[in-house]
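As structure tokens, the structure follows; a few thoughts come after it.
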Amino acid sequence: MPLQLASTAFTQGSDIPSKYTCDGKDISPPLAWYDVPAGTKSLALIVDDPDAPDPAAPKMTYVHWVLYNIPPGTISLPEAMRELPPGAQEGLNDWQRAGYGGPCPPIGRHRYFHKLYALDTVLPNLHTPTKAALEAAMQGHIVGHAELMGTYKKHR
């Protein structure tokens, strides 16, 4: 079986509850995974929105969360994660801070991709990398990949 990623907060293609957004508590959703490939040495997670700023005319992919060096024995991240799993490190989101930043689309319904990567190595300390720096470091090391996409439209 291929690597699988799921959440008890939302399902593939469904609405992300507002508590995980700027309209709510802006806390990270619970995530869980299974069928991690044999030989995986670490996991990485990137959450991004390819519909920024306007889904009708997207101009950029907005990054909401960057995590790497998650131990392969870790099977989930809790809601409102406060402590990283041992050895895990965070990168910069597009608010220029480490950690989770929830959906906060300025206009329209956006898609939020939660992408989990299984890697055949533990990455060196990348010193709070951007998504691009993490993706560059992962090149040639991805042994599995899973995605979970949820949508959100701001309530005004």
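Overview of results
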| read-out | value |
| --- | --- |
| Residues satisfying the stated conditions in the range 109-132, i.e. buried (at least 16 other Cβ atoms within 10 Å of the Cβ) and without any contact (Cβ under 8 Å) to a residue 60 or more places away in the chain | 126 |
| Number of the condition not met by residue 82 [criteria: (1) in contact with a Cys (Cβ under 7 Å, 6 or more places away or on another chain); (2) at pLDDT below 95] | (1) |
| Strands (runs of 3 or more DSSP E) fully within the range 1-92 counting 2 or more residues that are under 28 Å from residue 107 (Cβ atoms) | 42-52, 60-70 |
| Among (1) charged (D, E, K, R); (2) surrounded by fewer than 17 Cβ atoms within 10 Å (Cβ to Cβ); (3) more than 24 Å from residue 57 (Cβ to Cβ), the one test that residue 90 misses | (2) |
| Evaluation of residue 23 against (1) under 21 Å from residue 145 (Cβ atoms); (2) in contact with a His (Cβ under 6 Å, 6 or more places away or on another chain) (one fails), failing number | (1) |
| Conditions (1) under 21 Å from residue 16 (Cβ atoms); (2) without any contact (Cβ under 8 Å) to a residue 24 or more places away in the chain: number failed by residue 139 | (1) |
| Residue in the range 61-78 that is farthest from the chain's Cα centre (by Cα), counting only those that are more than 19 Å from residue 151 (Cβ to Cβ) and surrounded by fewer than 21 Cβ atoms within 10 Å (Cβ to Cβ) | 73 |
| Count of the range 33-60 residues which are surrounded by 15 or more Cβ atoms within 10 Å (Cβ to Cβ) and either in contact (Cβ under 8 Å) with a residue 24 or more places away in the chain or under 21 Å from residue 133 (Cβ atoms) (or both) | 17 |
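The values are calculated or read from the model by the stated rules, or taken from the named source; none is laboratory data. Worth saying up front: this structure is predicted, and the values here are computed from it rather than measured. Here the Cβ is made from the backbone with ideal geometry for all residues, glycine too, and neighbour counts use every protein chain on show.
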